[in-house]
Structure formats: C-alpha cells, structure tokens
1. Once you treat every alpha carbon in the chain as an equal point and sum by Debye, what is log10 I(q)/I(0) at q = 0.18, 0.20, 0.23, 0.25 Å⁻¹?
2. Among 44-57, 20-33, how do they line up by average Cβ neighbours within 10 Å per residue, starting with the highest?
3. Under 4.7 Å Cβ to Cβ, no partner at all: give me those cysteines from the chain, in residue order.
4. Which net charge results for the neighbourhood of Gln53, defined as the other residues with beta-carbon distances under 14 angstrom from its beta-carbon, given Lys and Arg at +1 and Asp and Glu at -1?
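Derivation of every value follows stated rules applied to the coordinates shown; laboratory data play no part. These numbers were taken from a predicted model, which means no experiment stands behind them. Cβ coordinates were reconstructed from backbone atoms using ideal geometry, including for glycine residues, and neighbour counts include every protein chain displayed.
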Amino acid sequence: MNAASASRQDAQAPAPLCPACGAPVVSIDTSVEVKYRVHYAITAQDLEVICEQVGDSGWDEETTAECDACGWHGTVGDLLAGR
Ligand SMILES: [Zn+2]
C-alpha cells in the first residue's frame with residue numbers, strides 16, 4: 001500500500017465490505033496488458049523500448065477479490081451482493 005491510497009481511505013467513512021469478517025478494505029486482483037514497441041540498440045547490444053501502450057484495466061463482477069484481514073476469497077459480485 002502506498003501513501004496515496006492510504007490517504008484516500010482516510011477521506012472515506014469506512015463501511016463493512018468483506019462478507020466474512022466485515023473488514024472495510026479488500027484487495028481486487030486485476031492485470032493490465034502492456035504492449036511494448038522495441039528496437040535493437042546497437043550501442044547497448046540489447047532491446048530498447050521505444051514506446052509502451054498500457055491497455056485498459058478494471059474489474060467486473062467476475063474479478064477475483066480477497067480480504068487481507070481474514071483471507072476470504074471471492075468475487076467483486078460477492079462484495080456487492082445484497083447492497
Ligand atoms: Zn475478511
């Protein structure tokens with residue numbers, strides 16, 4: 001966790017989120033696709049990145065979520081069920 005995300009949590013009123021233990025903060029695992037354009041740099045004798053494109057990221061109800069406090073594993077849909 002970095003300082004930016006910690007201060008964001010401080011600004012919100014904590015609401016129970018984890019279905020198992022009620023922890024207000026859970027983790028959502030997602031991944032971002034990055035496409036690199038490279039060329040061969042003769043001086044470095046290695047591939048050199050010319051530019052990189054970061055793909056869209058996000059989550060839906062099927063995305064895996066887990067609670068750091070109690071170890072609960074589920075989906076984003078589980079977190080929002082009943083709200
Ligand atoms: Zn929990």
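1. -0.85, -0.97, -1.14, -1.23
2. Answer by packing, highest mean first, reads 20-33, 44-57.
3. By the Cβ distance rule, which asks for a partner under 4.7 Å, the isolated cysteines are Cys51.
4. Net charge in that neighbourhood comes out at -1.
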